[in-house]
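J.: One structure coming up, written as structure tokens, with questions to follow.
The values are calculated or read from the model by the stated rules, or taken from the named source; none is laboratory data. Everything numeric here is computed off the predicted structure, so don't read it as measured data. Neighbour counts run over all protein chains shown; Cβ positions are idealised from the backbone, glycine included. Note: accessible area is taken over every heavy atom of the protein model, side chains too, but ligands, DNA and RNA are not part of it. Shrake-Rupley method; radii C 1.70, N 1.55, O 1.52, S 1.80 Å.
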Amino acid sequence: MTFRVGLLGHGTVGAAFRELLEERAPAIEAAVGVRPEITGVLTRSTGDFESVVGGSDLIVELIGGVEPAREYILRAIQAGKHVVTANKAVLSQHGEEVYDAARQSGVQLRFEAAVGGVVPVIRVIHETLAAAHVDRVHGIVNGTTNFILSEMTRTGASYEEALAEAQALGYAEADPTEDVSGRDAAAKMAIIARLAFGAPVHLDDVPYEGIERLTADDIAYAKELGLSLKLVGTAERLDGGISVRVYPAFLYGAHPLASVGGSFNAVTIESPAITEITLSGPGAGGPQTASAVLGDVISAMIPPPTPPAPAVPQPLVTDVVSAFYLHLQVADRPGVLAQVAEILGLQGVSVRSVVQRGIGEDARLEMVMHPVLESKFLAAVELIGGLDFLRAPPRVIRVIEAPFAE
């Protein structure tokens with residue numbers, strides 16, 4: 001018996017998926033009793049959508065972008081076809097529309113590859129932990145930025161040099177903006193938050209910062225204190241609502257994400273029922289994504305779970321408590337530290353540690369704060385930014401405490 005698969009898109013991932021499916025088809029048939037077979041392919045220049053859908057039991061969408069992918073996914077669902085997609089753009093911007101359509105049509109919608117490469121975070125949250133009350137998810141969900149920061153740490157390379165290396169190895173696109181700005185990670189965290197909390201989280205609800213402004217000084221500071229510098233996504237229940245955000249952060253060595261290097265992704269899920277679990281694996285590359293897509297196809301060949309339940313709106317919390325690192329380039333003259341400390345104190349910000357480096361025109365203050373409400377700290381930074389002895393805008397990086405170090 002044949003399970004017919006229609007493929008939309010035949011780029012790097014699409015070609016890798018087709019090759020992997022053909023290679024693994026005999027083993028899949030032996031395991032589940034049905035043999036998957038590509039019965040139609042649609043590309044920009046070849047194929048017909050209606051013919052591909054009409055001749056398939058399941059559609060794999062690997063076109064990318066929002067349109068026409070969104071339209072194709074909805075039309076396939078409405079035609080009663082199961083859908084597997086790796087499209088984070090569609091799900092993070094039009095997820096509720098797609099989920100509702102899948103529920104109404106009674107078909108499967110699977111999207112493991114949209115978030116963490118081969119890391120099965122979607123399946124674990126949606127299926128394995130369906131009965132758990134998830135409190136927080138921390139994630140390194142962009143392999144490109146993790147590779148860049150790992151190279152900066154390992155070799156002492158500048159951001160520009162590490163980015164060029166990532167591009168040469170195929171981890172970064174020629175235009176890396178989506179990755180390095182944090183937008184790619186924000187889209188993935190929106191999808192994760194929707195599943196973890198059952199709330200309609202849209203990409204536009206997720207504030208994000210990237211890694212473009214990070215420097216060798218920041219890496220040196222991390223090394224000196226035994227910290228790791230990562231681009232982290234956080235989704236958590238907070239103050240009766242939820243907070244979802246993406247930002248560079250220093251991690252203490254005991255944090256489960258601190259040792260995740262190279263292009264790997266990792267996600268830590270916290271719940272009272274399980275304490276915490278960490279999933280890690282390759283997050284970038286055509287073969288890796290293709291493997292996750294094929295896993296979803298196999299799951300769709302077996303009696304399925306239902307699509308995500310209807311979302312319940314929840315308040316979005318944007319002002320959160322965090323520890324912070326503050327880097328200041330200052331003129332080396334008396335009273336500088338006292339003025340900075342006075343402004344921080346007036347805003348209720350407490351300093352954990354401070355280091356002064358250099359002299360003359362190369363003087364720098366590097367400070368770490370105790371956890372404080374973000375609005376208070378940023379108000380202090382804005383005031384500090386107006387002081388006449390600053391030689392460059394203040395640079396801020398969040399510091400994630402190590403709750404599992406005790």
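J.: Kindly establish whether V13 is more than 25 Å from the chain's Cα centre (by Cα) and farther than 25 Å from G198 by Cα.
T.: On the way: more than 25 Å from the chain's Cα centre (by Cα): no; farther than 25 Å from G198 by Cα: yes.
In short, no.
J.: If you check L344, L387, which single one turns out to be among the aliphatic types (A, V, I, L, M), outside any helix (DSSP H, G or I), over 23 Å from G253 (Cβ atoms) and in contact with a helix residue (DSSP H, G or I) (Cβ under 7 Å, 6 or more places away or on another chain)?
T.: None of the other options fit; the residue is L387.
J.: Here's something else I'd like to know. Take A363 and tell me if it is free of Cβ contacts under 8 Å to residues at least 40 places away in the same chain and touching a Leu at 6+ places or on another chain (Cβ under 7 Å).
T.: Answer is no for this residue.
J.: Only residues that are small (G, A, S) and either under 28 Å from the mean Cα position of the chain (by Cα) or open to solvent by less than 50 Å² (accessible area, probe 1.4 Å) (or both): list them for the stretch 349-375, please.
T.: S353, G358, G360, A363, S375, listed by residue number.
J.: May I pose another question? Identify all residues within the stretch 27-80 that are hydroxyl-bearing (S, T, Y) and over 16 Å from V98 (Cβ atoms); write none if there are none.
T.: Once the filter is applied, which keeps residues that are hydroxyl-bearing (S, T, Y) and over 16 Å from V98 (Cβ atoms), the stretch 27-80 yields T39, T43, S45, T46, S51, S56.
J.: A further question follows. So if I check each of A69, A101, A132, which one is open to solvent by less than 30 Å² (accessible area, probe 1.4 Å), touching a Ser or Thr at 6+ places or on another chain (Cβ under 7 Å) and in contact (Cβ under 8 Å) with a residue 24 or more places away in the chain?
T.: Testing whether each residue is open to solvent by less than 30 Å² (accessible area, probe 1.4 Å), touching a Ser or Thr at 6+ places or on another chain (Cβ under 7 Å) and in contact (Cβ under 8 Å) with a residue 24 or more places away in the chain leaves just A132.
J.: Is it the case that some residue within the stretch 307-320 is more than 23 Å from R245 (Cα to Cα), in contact (Cβ under 8 Å) with a residue 12 or more places away in the chain and buried (at least 17 other Cβ atoms within 10 Å of the Cβ)?
T.: Yes, the stretch 307-320 has at least one match.
J.: If you don't mind, another one. Residues being surrounded by fewer than 24 Cβ atoms within 10 Å (Cβ to Cβ) and touching a helix residue (DSSP H, G or I) at 6+ places or on another chain (Cβ under 7 Å): count how many of those fall in the stretch 104-113.
T.: 3
J.: Filter the stretch 60-75 down to residues that are aliphatic (A, V, I, L, M) and closer than 18 Å to D184 by Cα, then give me how many there are.
T.: 4
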